[in-house]
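Participant: Mind having a look at this structure? Questions to follow.
The values are calculated or read from the model by the stated rules, or taken from the named source; none is laboratory data. The structure displayed is predicted, hence computed values, not measured ones. Here the Cβ is made from the backbone with ideal geometry for all residues, glycine too, and neighbour counts use every protein chain on show. Calculation scope for accessible area: heavy atoms of the full protein, side chains included, ligands and nucleic acids excluded. Shrake-Rupley method; radii C 1.70, N 1.55, O 1.52, S 1.80 Å.
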Amino acid sequence: MLSATGLKARASDLGFNLVGITPARPAPHLDAFLRWVEAGRHGEMGYLAREDRLARRRDLNLILPGVRSLVLVGLDYRSLPPLPALTDPSRGRIAAYAWGVDYHGLMTPRLEELAGGLGAEFRVYVDTGAILERDYGWQAGLGFIGKNTMLIHPRRGSNFFLGVLLTMAEFDAYDQPGPATRCGTCTRCLAACPTDAFCEPYVLDAQRCISYLTIEHKGIPPRELRPLTGNWVFGCDICQDVCPWNRFAVQTQVTEFFPVSVDRAAPPLADLLTLDEAGFAARFGRSPIERIGRVRLVRNACLAAGNSRDATLIAPLQSLLSDLHPLIRLHAAWALARLAGPEAVAPLRTALDGETDAEVRQELAACLEEAGQNC
């Protein structure tokens, strides 16, 4: 039986800010998760509903036969660039967790090093396994679940990454969960969400969430939601930013999570709209943004441009009407009509005359009808 105190000391030495240990058993709110999936709240994230993934969530032994313990670690990520840049409508806004390097590549080796000293079989995951990390984080004493579904530490807020170590080792002490929630009557996160993504407290409809729409959603966001996404181009921090517990958020000591410049946290939309594949790779390689690729990022930038009221973005949007990818052409049309109004009619009609993609043609036709009323 291993020393829990010794493990936590090693975790601290490796730079983790939080660590908790819990026996390996089904997540306490597994049934609620299964109901959430059954209701289709997961949207296009089909991997969450795969039967093999659901089976692993029900029985951790399918991940690691003989698993006895779970070690949960947290790593702070928040740093604070000048706030005016984040709210500048001519800039795209990136969620704080993606301002620096990809956290997977930084945390996974540290977790493996931590596990290597246990002398037992293990598996490590950083946001990649069929595990309800936040639920286990609560069970391991790392915080409580907020109405915004985030794991919130009462002295650090919610701006931290979670990692999970499954091991066959047993420990001489296990952490106990605290209160299931400490939100009280506060509903700031629910009220602040522009898209009304929370069906009720503690229940998120991913299909309406800005983070989902800008990252996980690979296609065409619903027209009624596009004006509500503001200038977000990757993720969203709104429900965390308004949370009173995040007044205790601690600035990360991991300098790799710092943005190299303000433009890394809030890049000018004019830059994003003119990105080619090489420019995207040079600017966002080794960052969390890399996973969505140039096409989805430019799609998101088109939506932000359409919401910006910035007439200087009309020219790059017009150029994107002839982009090679139909997803970009479609969203450039929506943004152009929204910004330019009647002046967009001529370029939209020209684009429609040469367009062969059915979905893009449908969008162009809708925008032509609405262009006189700014879409």
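Participant: Subtract the Cα-Cα distance of Thr187 and Asp59 from 0.36 nm times their separation in residues, and report this length gain in nm to one decimal.
Facilitator: Stretched fully, the Thr187-Asp59 segment lengthens by 42.7 nm.
Participant: How long are the three semi-axes of the equivalent ellipsoid for the chain, computed from the Cα gyration tensor as the root of 5 times each eigenvalue, in whole Å, largest first?
Facilitator: Details: eigenvalues 343, 85, 74 Å².
Values for the chain, descending: 41, 21, 19 Å.
Participant: Quick check: the distance between the Cα centres of the stretch 120-137 and the stretch 202-266, to the nearest angstrom?
Facilitator: Going from one Cα centre to the other spans 23 Å.
Participant: Further question: With a ≥ b ≥ c the root eigenvalues of the C-alpha gyration tensor of the stretch 88-164, is it rounded (a/c under 1.5), prolate (a/b larger than b/c) or oblate?
Facilitator: Because a/c hits 1.5 or more and a/b fails to exceed b/c, the stretch 88-164 counts as oblate.
Participant: Can you tell me the length gained on complete extension of the stretch Ala49 to Asp31, counting 0.36 nm per residue apart and subtracting the Cα distance?
Facilitator: Net length gain for the segment: 5.1 nm.
Participant: Let me ask something additional. Which residues in the stretch 83-109 have a backbone N closer than 13 Å to a point placed 7 Å from the Cα of Asp241 along the Cα-to-Cβ line?
Facilitator: Answer for the stretch 83-109: 83-97.
Participant: If Lys and Arg each add +1 and Asp and Glu each add -1, what is the summed charge of the other residues whose beta carbon sits under 14 Å from the beta carbon of Asp52?
Facilitator: Surrounding charge for Asp52 is +3.
Participant: Please compute the per residue accessible area over the stretch 93-139 with all protein chains in place, 1.4 Å probe, rounded to a whole number of Å². Could you put the intermediate results ahead of the total?
Facilitator: On the way: 1730 Å² over 47 residues.
I get 37 Å² per residue for the stretch 93-139.
Participant: While we're here: Gain in length, Gln251 to Ala278, computed as 0.36 nm per residue apart minus the alpha-carbon separation, to one decimal in nm?
Facilitator: Details: separation 27, 0.36 × 27 = 9.72 nm, distance 3.24 nm.
Value of the extension gain: 6.5 nm.
Participant: Hey, how many Å between the Cα centroid of the stretch 285-344 and the Cα centroid of the stretch 87-111?
Facilitator: Comparing the Cα centres of the stretch 285-344 and the stretch 87-111, I get a distance of 22 Å.
Participant: When the Debye formula is applied to the Cα atoms of the stretch 256-305, each taken as the same point scatterer, what base-10 log of I(q)/I(0) results at q = 0.19, 0.27, 0.28 Å⁻¹?
Facilitator: Rounded to two decimals, the profile gives -0.59, -1.18, -1.25.
Participant: Would you mind classifying the stretch 196-297 by shape? Square roots of the alpha carbon gyration tensor eigenvalues, ordered a ≥ b ≥ c; an a/c under 1.5 is rounded, otherwise it is prolate if a/b is larger than b/c and oblate if not.
Facilitator: oblate
Participant: Right, something else. Tally Lys and Arg at +1 and Asp and Glu at -1 over the other residues with C-beta under 15 Å from the C-beta of Asp31: what net charge comes out?
Facilitator: Local charge sum for Asp31: +2.
Participant: Leaving out ligands, DNA and RNA, what percent of the accessible area of the chain is carbon and sulfur, probe 1.4 Å?
Facilitator: 51
Participant: Taking loop as defined by DSSP and a crowding limit of 14 other beta carbons within 10 Å, which trypsin sites (Lys or Arg not before Pro) in the stretch 241-327 fit?
Facilitator: Arg286, Arg309
Participant: With each label point set 7 Å from Cα along the Cα-Cβ vector, what nm distance links Asp127 and Glu38?
Facilitator: Distance between label points: 3.0 nm.
Participant: List the trypsin sites (Lys or Arg not before Pro) in the stretch 106-205 that DSSP assigns to loop (not H, G, I, E or B) and whose Cβ has at most 12 other Cβ atoms within 10 Å. Which are they?
Facilitator: The qualifying sites are Arg155.
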